[in-house]
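Here the structure comes first, spelled out in structure tokens, and everything after it is commentary.
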Amino acid sequence: MPDERTAAWDRQQIHDVVLRYCQGIDRLDLDLVRSAYHQDGIDHHTGFDGTVDEFVAWVFPQLAEHLAGTMHVIGNHRVELFGDDALSETYLTAVHWGSGPDSPAGFTTGARYVDHMTFRSGRWAISERWAVREWLRPEGGVLTPATGAGPLARRDGSDPVELLRDRLTSAPRGDRSG
């Protein structure tokens, strides 16, 4: 954290909270999802209202058992600052897909995250979130995962982003060649 907070710094930190949440959902990294909220955070999603711990317990089976993957794409993001409180509104498109003929059909949704963010204990995080669904488009078929040579998306802790993070955080400082 800088010596003095600025509006630009606050807005960037709040945007990073939104991105961290989306990456956590897409990679099934529930610790990353939880880190986007304050410990007493509240979430309101389609089919769910409760604490962050209840949300994580509810969302994991939705993602891991019923879907082969998700991809959240962030669009417009606007923050209104009120000291240590902020209103953050984020537009998003989220794609959800199954893994085979027996899995549920996928869907794409347009939504907005309306977040009450607060700055506590030196960090911005979600105090309360409303995941406002604007529209839903069921998919007629099942998407198939990418195959072939090259990096592939993973949800088991071995995605390229996680492997690179591990490499960068375990290398001695100054030796980042891998």
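The values are calculated or read from the model by the stated rules, or taken from the named source; none is laboratory data. Note that this is a predicted model, so its numbers are computed, not measured. Cβ: placed from backbone, ideal geometry, glycine included. Neighbour counts: every protein chain shown.
Contact annotation: residue pairs with Cβ atoms under 8 Å, 6 or more positions apart or on different chains, pairing a residue in the stretch 79-97 that is surrounded by fewer than 19 Cβ atoms within 10 Å (Cβ to Cβ) with a partner that is not in a strand (DSSP E or B) and not aliphatic (A, V, I, L, M), are 81/10; 81/11; 95/106.
Filtering the stretch 82-126 to residues that are at pLDDT below 95, out of contact with any strand residue (DSSP E or B) (no Cβ under 7 Å at 6 or more places or on another chain) and assigned to a strand (DSSP E or B) leaves nothing. Taking the conditions (1) under 15 Å from residue 130 (Cβ atoms); (2) at pLDDT below 95 in turn, residue 66 satisfies each one other than (1). Residue count for the stretch 1-41 under the criterion of being touching a strand residue (DSSP E or B) at 6+ places or on another chain (Cβ under 9 Å), among the polar types (S, T, N, Q) and either closer than 20 Å to residue 69 by Cβ or free of Cβ contacts under 8 Å to residues at least 12 places away in the same chain (or both): the result is 1. On inspection, residue 134 does not qualify as within 16 Å of residue 19 (Cα to Cα) and free of Cβ contacts under 8 Å to residues at least 40 places away in the same chain. Scanning the stretch 117-138 for residues that are farther than 20 Å from residue 55 by Cβ and not hydrophobic (A, V, I, L, M, F, W, C) yields a count of 5.
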